[in-house]
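Colleague: Pasting a structure here, questions to come.
The values are calculated or read from the model by the stated rules, or taken from the named source; none is laboratory data. Remember, it's a predicted structure, so these values are computed and weren't measured experimentally. All Cβ positions, even for glycine, are placed from backbone atoms using ideal geometry, and neighbour counts span all protein chains on display. The protein model used for the area step is the full one, side chains on, heavy atoms only, and it has no ligands, DNA or RNA in it. Shrake-Rupley method; radii C 1.70, N 1.55, O 1.52, S 1.80 Å.
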Amino acid sequence: MTVLTRRAALAGLGAGLGAGALLASAARAAEPPPMGVLRLDPRLDAIIPRGATIETLATGYRWAEGPVWVAKGDYLLFSDVPANVVHRWSRRDGARPFLDPAGLQTPIPPAIREAGANGLALDRQGRLIVADSGTRAIVRVDLATKKRTVLAERYRGKRFNSPNDVVVARSGAIYFTDPTYGFAAGPDSPLRELDVMGLYRLDPDGTVTLLDGARRFPNGVGLSPDERTLYLSCSDDAAPLVWAYALDARGRPTGSRVFSDMRADKAKGWAGAPDGMDVAAAGHLFVSGPGGMHVLSPAGEPLGIIGNGKPIANACVGEGGRSLFLTASDRICRVALVG
């Protein structure tokens, strides 16, 4: 049965749509989401082999996020953000807690909705870089000792909102996003000190630079293999877009453009939004979006969508480029890649 919500009806009537057009629009929105690998372009065959399936590796998480593959050790780290735990998965040992607590190290106040670590990355020394939503900071963790070092927690004297995702350049610079998802009251939280949801750069000397404060709900970040393009996902329901920023030789933006517009998929009623991402060595992107994990060419062309019926928040390439790991709501999944 098609259910036309009050919000949709008001929006349609405001746009001059009649009841018949509204029902037709609602019917289109009921299109089932992709299940398995939806192939939109023959070029996907060079990335995901024909017959590849989605394998579930572990389940039981509140909201899985931030996967990163640790080649030195052959294991995956991923966050369960609401549970405030980072887990480790390997073929030999399966999944087990690795950092607990992973984010906020103190009792969790009611005003904090997501106390755990979110996005994870590795620096060139093999240390874990964490977008720590609960601590409201960018944190470095020594994987051997688990010692935490806060790298940045403020911009111009004001505390960050709730850092969400990170990517590390070869120079050691860290690009990160800072929406308000970690607050129980979201943008209206009394804990909020900054009036922007920023895209930032943290230099090795500790300098924090706001690169863009105009986007709503900035989320996933990624770098092209040559590090001349910075990608940003925005989980804004009104503008579910992926942006591309041209970077100069110093790694600073010189301009931006819409790289992928996911409004048409959002209009189908598919769960999910532009969220986490990973950029493959060949330059194509795996970007969360409505319906699952979108595979995009280096030019932003849609090549395919990986879906399992659940919102897929993030992904990372691992196992020497042979596997794509997915954090899909309450579970961790894997899809074979052409490696």
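Colleague: How about the stretch 218-284: which strands (runs of 3 or more DSSP E) wholly inside it have at least 1 residues that are in contact with a Ser or Thr (Cβ under 9 Å, 6 or more places away or on another chain), surrounded by 15 or more Cβ atoms within 10 Å (Cβ to Cβ) and small (Gly, Ala, Ser)?
Modeller: Result: 218-223, 229-234, 241-247, 253-261.
Colleague: May I pose another question? For the stretch 69-94, which residues satisfy the criterion of being open to solvent by less than 20 Å² (accessible area, probe 1.4 Å) and either modelled with pLDDT under 95 or in a strand (DSSP E or B) (or both)?
Modeller: Val70, Tyr75, Leu76, Leu77, Phe78, Ser79, Asp80, Val85, Val86, Trp89, Ser90, listed by residue number.
Colleague: Taking Pro274 as the residue in question, decide whether it is closer than 18 Å to Pro33 by Cβ, out of contact with any strand residue (DSSP E or B) (no Cβ under 8 Å at 6 or more places or on another chain) and at pLDDT 95 or above.
Modeller: Taking the combined requirement at face value, the residue does not satisfy it.
Colleague: Between a residue in the stretch 54-66 that is over 15 Å from Gly318 (Cβ atoms) and touching a residue at least 40 places away in the same chain (Cβ under 8 Å) and any residue that is open to solvent by 70 Å² or more (accessible area, probe 1.4 Å) and of a type in the set (Val, Ile, Thr), which pairs come within a Cβ distance under 6 Å, given they are 6 or more apart or on different chains?
Modeller: none
Colleague: Follow-up. For Ala299, indicate whether it is within 17 Å of the chain's Cα centre (by Cα) and more than 26 Å from Glu153 (Cβ to Cβ).
Modeller: Spelling it out, it is not the case that Ala299 is within 17 Å of the chain's Cα centre (by Cα) and more than 26 Å from Glu153 (Cβ to Cβ).
Colleague: Scanning for something touching a strand residue (DSSP E or B) at 6+ places or on another chain (Cβ under 9 Å) and among the β-branched types (Val, Ile, Thr), does the stretch 89-107 turn up at least one residue?
Modeller: No.
Colleague: For the stretch 20-56, give me the residue count where each residue is part of a helix (DSSP H, G or I) and either open to solvent by 70 Å² or more (accessible area, probe 1.4 Å) or at pLDDT 95 or above (or both).
Modeller: The qualifying residues number 7.
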